[in-house]
1. Quick check: anything in region 63-79 surrounded by fewer than 16 Cβ atoms within 10 Å (Cβ to Cβ) and at pLDDT below 90?
2. Between residues in region 122-137 that are under 11 Å from residue 76 (Cα atoms) and residues that are in a strand (DSSP E or B) and aromatic (Phe, Trp, Tyr), which pairs lie under 8 Å by C-beta distance while being six or more apart or on different chains?
3. What number of residues in region 33-62 are of a type in the set (Phe, Trp, Tyr) and open to solvent by 70 Å² or more (accessible area, probe 1.4 Å)?
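The values are calculated or read from the model by the stated rules, or taken from the named source; none is laboratory data. Keep in mind that what you see is a predicted model, and the values were worked out from it rather than measured. Please note: Cβ atoms are built from the backbone with ideal geometry, for glycine as well, and neighbour counts cover all protein chains shown. Surface areas here come from the heavy atoms of the whole protein model, side chains and all, with no ligands, DNA or RNA. Shrake-Rupley method; radii C 1.70, N 1.55, O 1.52, S 1.80 Å.
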Amino acid sequence: MKTKFYIQIIGILILATAFLHAQRKLGARPTDSGGVLLAEQAAYDVRYQELSVKVLPEQKAIQATLELSVDILTPLEWLVLDLDTALTVDEITFPGFDKKLHRAFFERRGNRIWIHLHYSRQPGSELKTTIRYHGQPKEAPAPPCVGGFTWSKVDSGDHC
């Protein structure tokens with residue numbers, strides 16, 4: 001009787017292990033976005049953001065503009081935003097400045113862009129910026145369960 005009970009427990013554990021392993025593969029992220037924030041990312045609250053995206057299905061690409069307004073919570077010298085390495089920053093502007101930011105004022109570090117603010121922004125202040133970028137985003141490995149773009153077509157040949 002005990003032997004049958006132990007065999008059933010072992011069988012359940014094997015099935016549970018196989019189920020968990022399958023779920024881990026399904027839940028793989030196409031990007032490294034999300035998760036624990038860096039100190040520079042936790043130093044502000046997003047007040048407003050508007051993302052405009054032009055989808056170019058024939059090139060499997062996008063062109064996007066992000067308008068962002070944040071409230072500074074702790075002193076901040078770098079504005080850090082997640083942006084997949086498949087996407088290229090074209091331009092970063094700040095209201096009140098006539099010039100676009102040159103490459104010397106922002107840099108890529110993995111899946112993030114680091115924008116140098118030239119001086120420490122203090123708590124209670126607001127920061128606004130516009131970021132334009134383009135590229136070929138990663139395709140969804142298992143839509144709709146795992147995020148990303150899909151470039152599917154319907155029977156007529158039109159993009160979805």
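1. no
2. Listed pairs, sorted by first residue: 127/44.
3. From region 33-62, those of a type in the set (Phe, Trp, Tyr) are 44, 48; that's our starting set.
Subsequent filtering for residues that are open to solvent by 70 Å² or more (accessible area, probe 1.4 Å) retains 48.
Summing the residues that are of a type in the set (Phe, Trp, Tyr) and open to solvent by 70 Å² or more (accessible area, probe 1.4 Å) in region 33-62 gives 1.
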